[in-house]
Amino acid sequence: MILIQVRSWLLSLVFLLAVCPCLRAQNQEPTPESSPADQAPTPIPLESPSPTAQPTPIASNPITDAARFLAGLPVADNSSLASLTHTSMWQAHAAAMNSAFATLERRQLSNIRIWRNDFLAPITAASKVCVYYFGGPDFLYADAFYPDCTTYIQVGLESVDSIPDLLTVPRGALESTLQNIQISLNTILQFSFFKTKDMREEFGRGELKGVLPVIFVFLARTGKVIQSVEYVSLDRGGQLTKAGGSPHGVKISFVDPATGAQKVFYFFSNDLSDDGIKSNPAILRFTEQQGQANCFLKAASYLMHESHFDAVRSFLLNDSVTVLEDDSGIPVKYISPDKWTLRFFGGYTGPINLFKNYYEPDLRQYYENSSPKPLTFSFGYQWNRHNSTLILAVKK
């Protein structure tokens with residue numbers, strides 16, 4: 001039975017997420033701007049005639065097997081889930097996922113790795129910590145930009161729920177779960193970001209709720225071997241405690257076979273507004289204790305442009321040695337040139353229509369004066385790479 005060996009420490013807790021009313025921007029649903037047809041992304045097909053070639057399965061491990069099953073990847077022959085991969089339902093899911101991730105690799109991830117090697121890797125090696133607030137469960141892009149990090153800290157409003165024994169899930173419910181995973185991933189695989197409103201709806205239905213199924217998919221699809229999953233909370237001083245308090249989260253220990261490195265991923269469900277931080281600063285204390293970090297911000301709903309996110313904005317600037325972001329993250333007016341070296345990539349045409357009030361004239365001036373290098377991949381809400389904005393700030 002899948003996950004039987006780890007049930008003693010996989011706690012079956014469901015965290016009820018209370019959404020702070022001041023987070024109005026996170027309730028809005030960004031829609032990518034239209035672009036020429038030859039740049040339009042390929043939707044995830046719900047079915048495909050036959051699966052593409054699949055990687056050789058790794059040795060059996062109940063947690064990794066569950067992640068690979070959800071990701072549409074083969075499991076070990078001796079896995080208790082092996083029989084479920086022989087159904088037409090799972091094979092159609094595998095074909096759809098193989099097609100979608102192959103397209104993503106060709107259009108986005110391979111280009112990101114080239115860019116990273118040229119521009120990011122030489123200046124981020126000083127820190128092995130990646131802090132990705134406001135990104136939901138998007139480990140995929142954190143791993144693409146920061147593969148050398150050994151600690152990943154991600155924070156969003158989405159809930160963390162335990163994953164049940166997949167063999168106990170009724171066949172119809174399991175089929176719905178796999179379809180829901182495809183739907184949940186559709187936007188990020190096409191446009192590089194999650195829609196917040198969609199996440200709350202999609203991660204809250206079916207047998208497998210919360211962010212963990214999507215995190216499992218990203219870990220499996222990037223080749224990681226999951227060793228353990230712990231449901232955790234933080235005390236007010238930022239120390240890890242057993243699950244039950246707030247903020248509620250998950251700690252996933254895994255190995256990256258590409259390097260053999262032992263790594264850890266944290267996701268916490270937490271309100272990052274000033275009111276939320278004042279009520280409980282635990283997440284900032286925990287992040288601070290991990291040491292100076294590489295800060296990653298993408299499709300962050302322009303929240304830190306607002307005065308009621310002053311605390312988290314100031315914290316990230318103080319805690320980080322580098323900041324990589326689009327224009328929806330920290331406004332450039334807060335990134336002082338006497339403390340930071342700024343470099344710009346892509347273009348800046350202003351925010352998409354939903355966020356047009358957050359236009360930055362000073363950022364436009366930077367782009368006009370700096371001759372930024374073009375991007376070969378899209379980033380943030382502007383999924384057309386010619387309009388995508390990418391800002392790299394390095395602390396002096």
State whether the residues of region 128-138 include one that is farther than 20 Å from Leu375 by Cα, over 14 Å from the mean Cα position of the chain (by Cα) and either modelled with pLDDT of 95 or more or hydrophobic (A, V, I, L, M, F, W, C) (or both). yes
Across region 149-206, what is the number of residues that are charged (D, E, K, R), at pLDDT 65 or above and surrounded by fewer than 21 Cβ atoms within 10 Å (Cβ to Cβ)? 3
Meets criteria (under 20 Å from Thr187 (Cα atoms) and open to solvent by 10 Å² or more (accessible area, probe 1.4 Å)) for Asn318: no
Which residues, counting only those in region 144-177, are part of a loop (DSSP other than H, G, I, E, B) and acidic (Asp, Glu)? Asp148, Glu158, Asp165
Name the pairs: first residue in region 110-121 and under 17 Å from Glu325 (Cβ atoms), second residue open to solvent by 30 Å² or more (accessible area, probe 1.4 Å) and modelled with pLDDT of 95 or more, Cβ to Cβ under 7 Å, at least 6 apart or on different chains? Trp115/Thr376
Residues (crowded, with 20+ Cβ neighbours inside 10 Å and out of contact with any Ser or Thr (no Cβ under 7 Å at 6 or more places or on another chain)) located in region 377-396: Phe377, Thr389, Leu390, Ile391
Being surrounded by 15 or more Cβ atoms within 10 Å (Cβ to Cβ), at pLDDT below 90 and not charged (D, E, K, R) narrows it down to one residue among Leu23, Leu120, Leu46; which is it? Leu23
In region 335-370, what residues are under 13 Å from Ile391 (Cα atoms) and either among the small types (Gly, Ala, Ser) or open to solvent by 90 Å² or more (accessible area, probe 1.4 Å) (or both)? Arg343, Gly346, Gly347, Ser370
Does region 123-142 contain any residue that is crowded, with 21+ Cβ neighbours inside 10 Å, acidic (Asp, Glu), touching a helix residue (DSSP H, G or I) at 6+ places or on another chain (Cβ under 9 Å) and not in a loop (DSSP other than H, G, I, E, B)? no
Restricting attention to region 298-333, the residues that are small (Gly, Ala, Ser) and on the phi > 0 side of the Ramachandran plot number exactly 2
Would you check which residues across region 324-334 are more than 14 Å from Gln365 (Cβ to Cβ) and surrounded by 17 or more Cβ atoms within 10 Å (Cβ to Cβ) and list them? Leu324, Glu325, Asp326, Ser328, Gly329, Ile330
Could you identify the single residue in Gly260, Gly276, Gly223, Gly249 that is within 19 Å of Val129 (Cα to Cα) and out of contact with any strand residue (DSSP E or B) (no Cβ under 6 Å at 6 or more places or on another chain)? Gly260
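The values are calculated or read from the model by the stated rules, or taken from the named source; none is laboratory data. Please read all numbers here as calculations on a predicted model, not as lab measurements. Quick reminder, even Gly has a Cβ in these numbers, built from the backbone with ideal geometry, and neighbours come from all protein chains shown. Heads up: the accessible areas ignore ligands, DNA and RNA and are worked out on the full protein's heavy atoms, side chains in. Shrake-Rupley method; radii C 1.70, N 1.55, O 1.52, S 1.80 Å.
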